[in-house]
Amino acid sequence: MATVNLPRLKELFLDLVRIDSLSRRERDVAQRLVRELESAGLRCRFDTAADKVRGNCSNLIAYLDGNREGIAPLLLCAHMDTVVPGEGVKPVVEGDIIRTDGTTVLGGDDKSGCAIICEVLHQLREQDIAHGPIEAVFTVCEELGLQGARNLDLGLLQAREGLVFDSDSPGYLFVRQAGAYGLRFTVRGLEAHAGMAPERGLSAIKVAAEAIAAMRLGRIDEETTANLGTIEGGRAGNVVPNEVTVRGEARSTDPRKLEAQVEHMIACFKDAVARAAVTVDGKLINAQLEYKSVPSYKAMNVPEDAPIVRKVLEAARRLGCEVRPHATGGGCDANILNQRGFVVANLGTGMRDIHTVREWLDVRDMAATAEVTLELIRVHAGA
Ligand SMILES: [Zn+2]
């Protein structure tokens, strides 16, 4: 059984999290990765995604030639960008547990994935493990609507199957991930002086509140969630507000449930707006609704008998560790890659409480994922 170099994995991870890499600003961390990858014998190049995402860095692609003939190329993918607050990360190390100092995220999402891939690549060479061509892809702007993966130059890749490393428990292989819609509703009413002539106004905030109060939100069922995350509107406490905009989203691993939830949210606004009217100077004035629902990305659904899934499960079985296929409401580059013709599943890395300033991670979880990945490469090579 392969044994990863845990101190090296930890050091690289700490190095990576100390380098700022908010979305569109991934250049420094990419350069650190290039150094690491070249030292593991890979050739690195960038595509041209930077222009399209208006960032300072493109997707990084690193190539390792196979050391045996006749093995299909394998894709390993993680993203380089992190969410806010993510600048000036000062990791706190307690043995193998790494936390934030409470002022920023840790960036284990997804530098854990980046570090795991690098360690796997080092091991391939050091242990002379049989492998086919490996294509390691480090994307930009994952946290910005998966823009890096959307703009990834597929002409630079031969692989058609592989793994994304971008979720929490190393015991989970995500094969089904939610699709999502972004939603925006603008309700228009009628402005009026709140004290002198409220009867000449129509409160857009009140109408929106009625729509929201009637709405199913939060966890809808096992596969479906919905949220309204921002509300903006009104001018002052003494003005009946004539406009309010509410933004949110819906997600589901089941496309029909997703459509149904989006329709429900739209219907709530339509109903509340239809009921709202005021008569001013003998003229009936109705509230107005403008809305937009945009699919953010499609649900991902990799069959559990897909070769990549079977190979990961076989690798875990050989190592005597448990990895189970799983579904999640989160979305990641894997959604886009599957949409774009790859078959990729998403293996957990150990990142925890991500997108919060309480983010932490256990390096032993990262090591476990690296072990499973090395074994997967062996299984894939027929070794
Ligand atoms: Zn991520």
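From the list Lys292, Lys283, Lys311, the one residue that fits, being over 21 Å from Arg188 (Cα atoms) and of a type in the set (D, E, K, R), is Lys311. Would you point out which residue out of Gly148, Gly182, Gly201 is in contact with a strand residue (DSSP E or B) (Cβ under 8 Å, 6 or more places away or on another chain), within 14 Å of the ligand (Cβ to nearest atom) and of a type in the set (Gly, Ala, Ser)? Just a single option satisfies the conditions, and that option is Gly148. Suppose we keep only residues that are aliphatic (A, V, I, L, M) and closer than 25 Å to Gly330 by Cα within the range 173-216. Which one would you say is most open to solvent (accessible area, probe 1.4 Å)? Checked the range 173-216; the qualifying residue most open to solvent (accessible area, probe 1.4 Å) is Ile212. With the structure loaded, tell me whether Thr245 is more than 18 Å from Tyr291 (Cβ to Cβ) and modelled with pLDDT of 95 or more or whether it fails that test. Answer is no for this residue.
Where strands (runs of 3 or more DSSP E) fall entirely within the range 245-319, those with at least 2 residues that are surrounded by 14 or more Cβ atoms within 10 Å (Cβ to Cβ) and of a type in the set (Val, Ile, Thr) are at 277-280.
The C-beta contact set for the range 327-338 (first residue within 13 Å of the ligand (Cβ to nearest atom), second residue basic (Lys, Arg) and open to solvent by 10 Å² or more (accessible area, probe 1.4 Å), distance under 7 angstrom, 6+ apart or interchain) comprises Asn335/Lys298; Ile336/Arg150. Here His355 meets each of (1) buried (at least 17 other Cβ atoms within 10 Å of the Cβ); (2) within 16 Å of the ligand (Cβ to nearest atom) with one exception, condition (1). For the range 154-172, filtering for residues that are crowded, with 24+ Cβ neighbours inside 10 Å, away from the ligand (no atom under 12 Å from the Cβ) and among the small types (Gly, Ala, Ser) leaves 1. Pairs are defined by a Cβ separation below 9 Å, a sequence spacing of at least 6 or placement on different chains, a first member in the range 132-148 that is closer than 10 Å to Val53 by Cβ, and a second member that is of a type in the set (Phe, Trp, Tyr) and away from the ligand (no atom under 13 Å from the Cβ); the pairs so defined are Gly145/Tyr297.
The values are calculated or read from the model by the stated rules, or taken from the named source; none is laboratory data. Worth saying up front: this structure is predicted, and the values here are computed from it rather than measured. Cβ atoms come from the backbone with ideal geometry, glycine included; neighbour counts cover every protein chain shown. Side chains included, ligands, DNA and RNA excluded: accessible areas come from the protein's heavy atoms. Shrake-Rupley method; radii C 1.70, N 1.55, O 1.52, S 1.80 Å.
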